[in-house]
């Protein structure tokens, strides 16, 4: 949109990846004179807001400087040799697929830092909290910006330690085991993924994603591709998470502090699906074709399973925890993303990428809301909240109740909001899957996934009824309505959800050319 | 010079053999000087030893320009007993650097032990440490089996005495005896293997043996095969490979902490460099025998080591050292993976380069972890893992550094060098088609993360009592700082050690 010179773009992208790391180191040092603030705690939390804000600003400028006429072209690329022995290059770049994810990550992290500035989760020192948050940001942003398989693995691993500590130190009940489950599951997945990445790299002689994508699997035999897809796919599927590898997710989400849940759902899960699109689809197409029906089947089971679990949690007497419920709903939503990818068509993959962003915005918002609800009422247990009649948030805190209802309705995929397009396109893709994939099978998947949307609507409406509506007696107990800082943190998410719902071309115009190119044989 | 004298007296390339020689000579000097130095000046011996090890390490510099050989066969100058090639220099650097760091740890340990009733005899201690280091530095340069076994013994015998050196400590003496008896058995087995091989091939030189083994008389081939397997036993013992690992935990606990650190790094270096020399240089013809054997050994070693480390209870006495001991067994398993891969791969030298790179990373961070353990042991002599709780509140820098070392050992960022060292090992395995071993290793990496991260997390918990601060002795500070700087520098530029995984070392 605006013309920015290539070297400035390169610098911006490098800053987005490295800036948070420097900020993390600085957070551990005492504040310099002049920036001491009211107290050391306040100073370091403000430091977090400043750094994430600067990164967000850089990401926005990068998005403005991005040449929107050529979204399929890698832009702002840097390519420096780092470890020649392993052929690891610091190769950064963005195209229409990674740019939205990059901006969304920067936005969500900034909102989390802003939210924590006013509402620091209970736990040890804020300095460590801010440092971990920034390392996490760097790892996630790097995942979407790197174009080297081993660097991708490094970025993938970089988020583990910060997330572990965020859950284990600042989390709620049951945080210890939940944090362990999170890190051990994901590490096992990612080490297996490393084996697959090495197999690809050693057999084709390069770890460069662009070169490999252009090669489009021609230098890899089918058997190598099949093994590689299996290994890499397991690692990515754990992260996504795909049923039946999802079992770490509900616990981690339930135990994590609010900002931890937001980032986990909004950003970390996307690293898995991004890997499917960026690595498996273009680099190992033959292997992917072999596994696509299975991936789709697991995805559909995930959709149905997630919704049924949510229904069970939502019903009266189900002792359902709202955080847990949203976590299970993530399993369902990510099922749609995986289904879209498994169709291997431009429509499906575009839908998957759209659903990725939508899920990040909507579920991020929902986790913010539920976290705030817990701060107000002291519980997220649906039965305790709603009691016999319902929690009556509409009456007690109208704005808060309205926002929650908005989040729930957006999550169930109401047309006109962001949740709709991604899932519809994924179903569309399944209606006409890529050549070589069994159409009857995908039609069946489509029918079941469609059933899943109905179930999703059912449990989301139940949640709205039980939390937002209720008897007059419930209404008498006041709940603080939305406060200024909460408005600041949530409004961008609401606005973007509406924007993406009403004007999907804003995203699809970016992703579509890049996806077309990726499926046809790599990026330019 | 007359021709008779020429045939009897060899010309020796003193520069090439300087590293082990300097270490040995300084060791003797310290032993003699001990007799003449007043008791209150004994600390001087320590500094002389540290300087000697530093000088030995510096003497590697002039050798960098090219391969040198000495003690060659008369008539055939290509067959030598001592060669200083790239492999030798890297391992000698590793051994001497490791010994130097262990010496720094020892300097403060000896000072602290004074007046406690468990003094360490200084002159003997430094002599033994330097002799062992000399043997360990000689080993990677040896190119015939006799020198190799002699070097192995020169490295080991002083180590037994070092383990048992705590005066008036029964545990120490028992540990030394256990270590001694099992080690001697392993060496005897190796010697038998060597004799079989000599019988089958008629030579002890590694390169000559390699060609002779290619066409062994059919009647002798069983003998040669048995010789190959038996020879490996002694070195596998030193590496602490399963099933030759049982001495490790007790020996590490019984030994003074710096000696345990020394054994965990230099002792292992002796073992795996010996293994590399015999397998890759001497027995390439029998790769189908030792390749699978090494792969099996590697899988067993890492699994048993990590399972052992997992079982440690945080509140048991010496559990920190015990955990480091078991984890060092697990790490030995990773070190063996590329050697096994060398048996399957066409490019054996590249594969073993991964072992060398991994060992360099391991040496730096493991010694660092031991250094922080030595620091904690000054105030909490029982050295339980639970004693590390809240270390961050008392000593933030030490705690951060220990966390970094542990995460390097686990192979997770921010320990980037640990991560990439593991990647090279994995890539050697995948490249050689050892998929199953890579998967076993992957599972082990996850198991290992559990105990490393558990320990790391403990460092940052709220302390139980009021944190106590106290001064850290200079040598200990130096050791911690040195290893931390090394670890961080390597994380920024992993190429520094990983380049060995990319080129031929011999």
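The values are calculated or read from the model by the stated rules, or taken from the named source; none is laboratory data. Keep in mind it's a predicted model, so treat the numbers as computed, not measured. All Cβ positions, glycine included, derive from the backbone under ideal geometry; neighbour counts span all protein chains shown.
The table below lists the values:
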{"item": "Selected residue [within 26 Å of residue A:500 (Cα to Cα) and crowded, with 23+ Cβ neighbours inside 10 Å] from A:348, A:320", "result": "A:348"}
{"item": "Residue within the stretch B:431-446 that is away from chain A (no Cβ under 13 Å), touching a residue at least 12 places away in the same chain (Cβ under 8 Å) and not in a loop (DSSP other than H, G, I, E, B) present", "result": "no"}
{"item": "Residue within the stretch A:172-186 that is over 26 Å from residue A:324 (Cβ atoms), modelled with pLDDT of 90 or more and in a helix (DSSP H, G or I) present", "result": "no"}
{"item": "Condition met for residue A:498 (within 24 Å of residue A:263 (Cα to Cα), modelled with pLDDT of 90 or more and surrounded by fewer than 18 Cβ atoms within 10 Å (Cβ to Cβ))", "result": "yes"}
{"item": "Residue match in the stretch A:366-376 (condition: farther than 27 Å from residue A:516 by Cα and under 14 Å from the mean Cα position of the chain (by Cα))", "result": "yes"}
{"item": "Flag if residue A:410 is within 20 Å of the chain's Cα centre (by Cα), surrounded by 24 or more Cβ atoms within 10 Å (Cβ to Cβ) and farther than 19 Å from residue A:252 by Cβ", "result": "yes"}
{"item": "The lone exception for residue A:238 - which of (1) without any contact (Cβ under 8 Å) to a residue 24 or more places away in the chain; (2) under 20 Å from residue A:139 (Cα atoms) it fails", "result": "(1)"}
{"item": "Hey, residue B:401 more than 10 Å from every other protein chain (Cβ to nearest Cβ) and closer than 17 Å to residue A:162 by Cα or not", "result": "yes"}
{"item": "Only listed residue being without any contact (Cβ under 8 Å) to a residue 60 or more places away in the chain and within 12 Å of chain B (Cβ to nearest Cβ), chosen from A:192, A:200", "result": "A:192"}
{"item": "Condition check for residue B:129: out of contact with any helix residue (DSSP H, G or I) (no Cβ under 6 Å at 6 or more places or on another chain) and within 27 Å of residue B:209 (Cβ to Cβ)", "result": "no"}
{"item": "The listed residue being within 23 Å of the chain's Cα centre (by Cα) and more than 9 Å from chain B (Cβ to nearest Cβ), out of A:217, A:139, A:235", "result": "A:235"}
{"item": "Any hit, the stretch B:494-503, residues being surrounded by fewer than 13 Cβ atoms within 10 Å (Cβ to Cβ), touching a helix residue (DSSP H, G or I) at 6+ places or on another chain (Cβ under 9 Å), within 14 Å of chain A (Cβ to nearest Cβ) and within 30 Å of residue B:425 (Cβ to Cβ)", "result": "yes"}
{"item": "Hey, residue A:76 in a strand (DSSP E or B) and in contact with a helix residue (DSSP H, G or I) (Cβ under 7 Å, 6 or more places away or on another chain) or not", "result": "yes"}
{"item": "Filter result for residue A:132 (more than 16 Å from the chain's Cα centre (by Cα) and in a helix (DSSP H, G or I))", "result": "yes"}
{"item": "Selected residue (criterion: nearest to the other protein chains (Cβ to nearest Cβ)) from residues of the stretch A:68-85 that are in contact with a strand residue (DSSP E or B) (Cβ under 7 Å, 6 or more places away or on another chain) and surrounded by fewer than 16 Cβ atoms within 10 Å (Cβ to Cβ)", "result": "A:81"}
{"item": "Only one of A:136, A:107, A:114 that is buried (at least 24 other Cβ atoms within 10 Å of the Cβ) and touching a helix residue (DSSP H, G or I) at 6+ places or on another chain (Cβ under 7 Å)", "result": "A:136"}
{"item": "Every residue from the stretch B:462-492 that is loosely packed, with under 13 Cβ neighbours inside 10 Å, in a loop (DSSP other than H, G, I, E, B) and within 13 Å of chain A (Cβ to nearest Cβ)", "result": "B:462"}
{"item": "Residue satisfying all of: in the stretch A:179-189; surrounded by 24 or more Cβ atoms within 10 Å (Cβ to Cβ) and in contact (Cβ under 8 Å) with a residue 40 or more places away in the chain; farthest from the other protein chains (Cβ to nearest Cβ) among these", "result": "A:182"}
{"item": "Residues of the stretch B:171-199 classified as farther than 30 Å from residue B:257 by Cα and either out of contact with any helix residue (DSSP H, G or I) (no Cβ under 7 Å at 6 or more places or on another chain) or modelled with pLDDT under 90 (or both), total", "result": "2"}
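Yes/no matrix, rows are residues, columns are (1) modelled with pLDDT of 90 or more; (2) within 22 Å of the chain's Cα centre (by Cα); (3) within 25 Å of residue B:146 (Cα to Cα):
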| site | (1), (2), (3) |
| --- | --- |
| B:24 | yes, yes, yes |
| B:38 | no, no, no |
| B:69 | no, no, yes |
| B:72 | no, no, yes |
| B:90 | yes, yes, yes |
